[in-house]
Amino acid sequence: MTILTIATTLLTIGIFIYACTLLTSYMVIGIASIGGSREYMYKNEFTDFRLLASSPHAPSVSILAPAYNEGATIIENVRSLLSLYYSNLEVVVINDGSKDDCLQKLIDGYDLEKIDFHVQYKIATKEVRGVYRSRKAVYKRLVVVDKVNGGKADALNVGINVSSNDYIVCIDVDCILEQDSLLKMMKPFLEETGKKVIASGGVVRIANSCEIKDGRLEKIRLPENYWARMQSLEYIRAFIIGRMAWARINGLLLISGAFGAFDKQIAIEAGGYNHKTVGEDMELVVRMRRYMEEQRRPYRVTYIPDPLCWTEAPESTKILGRQRNRWTRGTIETLKMHSPLFLNPRYGVMGMLSYPFWFFFEMLAPLIEFFGMVVFTILSIMGLINWHAFLALLAFIISFGYLFSAFAAYMEVATFNMYRRRTDMMKLLLTALTEPFVFHPFVVWAAIKGYVDIIRKKNSWGEMTRQGFGPTAQKK
């Protein structure tokens, strides 16, 4: 056998083992998500959230909403937050040095006045220029902070410093929250007695093509745009199956930056958000978990499969590419910062299962796929491909991926069934057929560009222009 043949054989065996391990992991995750979803549905069947909504003894919550150049929709977005069903609530909007009229619109719209407020810098941040409260009693829950621009992580740290309640809920200000989202999100913090719940995540859904009125979701529709529709399927897989399974074994490493709840004291003790990474949401969860493990304090990171938050997904390849580029860089940065966790039994499930899974099947997957495509092209030109074996394996992989997407769609219907028109589910399943040939290759390419930007030491977010909700929404 020639050296080239041996190398090709070893490479083929390696990729085959990698693929088999990945597919087995997906099957295990799928099975675990079924049990987790059933358990959650059964528990909440007998829960009366109205008691928590009106109780003065409910956990005190501060919503932290960073805002940068959100003048076009800031009034409606804040009104939506103030209308949430929860008694012990504070809404902290952090104006992160906006260059538009965002702050002035808040001042005029909510009759704000600057107050004397001593900021305790428990976490180091950029300078706070002023703290505002409303003169009107109806807006007593609203606090607006004006600060020097420092990015989302720095703005959230300012919110932590200024907030007065025991728990913080960090959101994107332009997200739409369900009216009972806080009631469901805070339930795990009350239920767990043996271990301290340090963080809890919720499902994020795609709001493109939905009807939004006065900051509330009026009618749910599957996105008309192909890229947004493909992301709807992707989010269903990630949130209903992936995160549900990882939370069940207390191995969850990521809580979406669009909507997550945290124990404020633990977040402060762990050091708050890290402004040196574009993946500050994942990095904070990993660091809080690492802190608790090193302190040998029993804890949990929980997850709520209810659709609690709706966000606008990118509808253009340009913006979607920037988003996936940033996600890749955030994952690489986080795993690099916390490399001592890798296969370290001291950190339990996080060190032995969660970190290795993210390392091999999230961080390295785009590189392996891209490298595999390059090698395949070279071997094809050289006539070294066994086409019968290749086509059979390709058909199996594509079929497995489609069945996994169909399983995710089934789990959506069997649990919360947000897309109730049959045509919506048919569209979703038909869209899934195109994923291996259109959406997935694009995501892999965007991730590769993320690797290139890491090498170039590029750490910017990239402009994320949104269209806004509804047909008359203004561009921001």
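Details
- For segment 106-141, a tally of residues being under 29 Å from the mean Cα position of the chain (by Cα), over 18 Å from residue 155 (Cα atoms) and not in a loop (DSSP other than H, G, I, E, B) returns 0.
- Only one of 382, 337 that is at negative phi and under 22 Å from the mean Cα position of the chain (by Cα): 337
- Answer residue from segment 79-105, given it is hydroxyl-bearing (Ser, Thr, Tyr) and either in a helix (DSSP H, G or I) or buried (at least 22 other Cβ atoms within 10 Å of the Cβ) (or both) and is farthest from the chain's Cα centre (by Cα) among those: 86
- The numbered conditions (1) without any contact (Cβ under 8 Å) to a residue 12 or more places away in the chain; (2) assigned to a strand (DSSP E or B) are all true for residue 296 except (2).
- Matching residues, segment 281-293, being modelled with pLDDT of 95 or more, acidic (Asp, Glu) and within 17 Å of the chain's Cα centre (by Cα): 283
- Qualifying residue in segment 150-170 (condition: over 16 Å from the mean Cα position of the chain (by Cα), farther than 28 Å from residue 295 by Cβ and at pLDDT below 95): yes
- The test for being modelled with pLDDT of 95 or more and small (Gly, Ala, Ser) holds for residue 348.
- Residue pairs whose Cβ atoms lie under 8 Å apart, sitting 6 or more positions apart in sequence or on different chains, and linking a residue in segment 356-373 that is modelled with pLDDT under 95 and among the polar types (S, T, N, Q) to a partner that is buried (at least 17 other Cβ atoms within 10 Å of the Cβ) and in a helix (DSSP H, G or I), do not occur here.
- Restricting attention to segment 276-287, the residues that are part of a loop (DSSP other than H, G, I, E, B) and either of a type in the set (A, V, I, L, M) or surrounded by fewer than 21 Cβ atoms within 10 Å (Cβ to Cβ) (or both) add up to 2.
Conditions tested, residue by residue: (1) small (Gly, Ala, Ser); (2) in contact (Cβ under 8 Å) with a residue 24 or more places away in the chain; (3) part of a loop (DSSP other than H, G, I, E, B); (4) under 14 Å from residue 304 (Cα atoms).
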| position | (1), (2), (3), (4) |
| --- | --- |
| 222 | no, yes, yes, no |
| 229 | no, yes, no, no |
| 233 | no, yes, no, no |
| 236 | no, yes, no, yes |
| 239 | no, yes, no, yes |
| 242 | yes, yes, no, yes |
| 245 | yes, yes, no, yes |
| 253 | no, yes, yes, no |
| 262 | no, yes, no, yes |
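- Every residue from segment 31-65 that is of a type in the set (Ser, Thr, Tyr), modelled with pLDDT of 90 or more and in contact with a Lys or Arg (Cβ under 9 Å, 6 or more places away or on another chain): 33, 62
- Checking each residue in segment 410-435 for being among the hydrophobic types (A, V, I, L, M, F, W, C) and out of contact with any Phe, Trp or Tyr (no Cβ under 9 Å at 6 or more places or on another chain) picks out 411, 414, 416, 418, 426, 430.
Table: residues versus (1) surrounded by fewer than 21 Cβ atoms within 10 Å (Cβ to Cβ); (2) farther than 29 Å from residue 27 by Cα.
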{"position": "230", "(1), (2)": "no, no"}
{"position": "248", "(1), (2)": "yes, no"}
{"position": "289", "(1), (2)": "no, no"}
{"position": "296", "(1), (2)": "yes, yes"}
{"position": "303", "(1), (2)": "no, no"}
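- Boolean, residue 445 is among the hydrophobic types (A, V, I, L, M, F, W, C), within 24 Å of the chain's Cα centre (by Cα) and modelled with pLDDT under 95: no
- Residue match in segment 31-52 (condition: loosely packed, with under 13 Cβ neighbours inside 10 Å and closer than 19 Å to residue 177 by Cα): yes
- Qualifying residue in segment 405-418 (condition: at pLDDT below 95, part of a loop (DSSP other than H, G, I, E, B) and among the aliphatic types (A, V, I, L, M)): yes
- Scan of segment 191-208 for residues that are surrounded by fewer than 19 Cβ atoms within 10 Å (Cβ to Cβ), in a loop (DSSP other than H, G, I, E, B) and modelled with pLDDT of 90 or more, ordered by number: 195
- Scan of segment 34-77 for residues that are more than 24 Å from the chain's Cα centre (by Cα) and of a type in the set (Phe, Trp, Tyr), ordered by number: 42, 46, 49
- Only one entry of 209, 163 meets the criterion of being in contact with a Lys or Arg (Cβ under 9 Å, 6 or more places away or on another chain) and at positive phi, and that entry is 209.
The values are calculated or read from the model by the stated rules, or taken from the named source; none is laboratory data. Quick caveat: nothing in here was measured; it's all calculated off a predicted structure. Quick reminder, even Gly has a Cβ in these numbers, built from the backbone with ideal geometry, and neighbours come from all protein chains shown.
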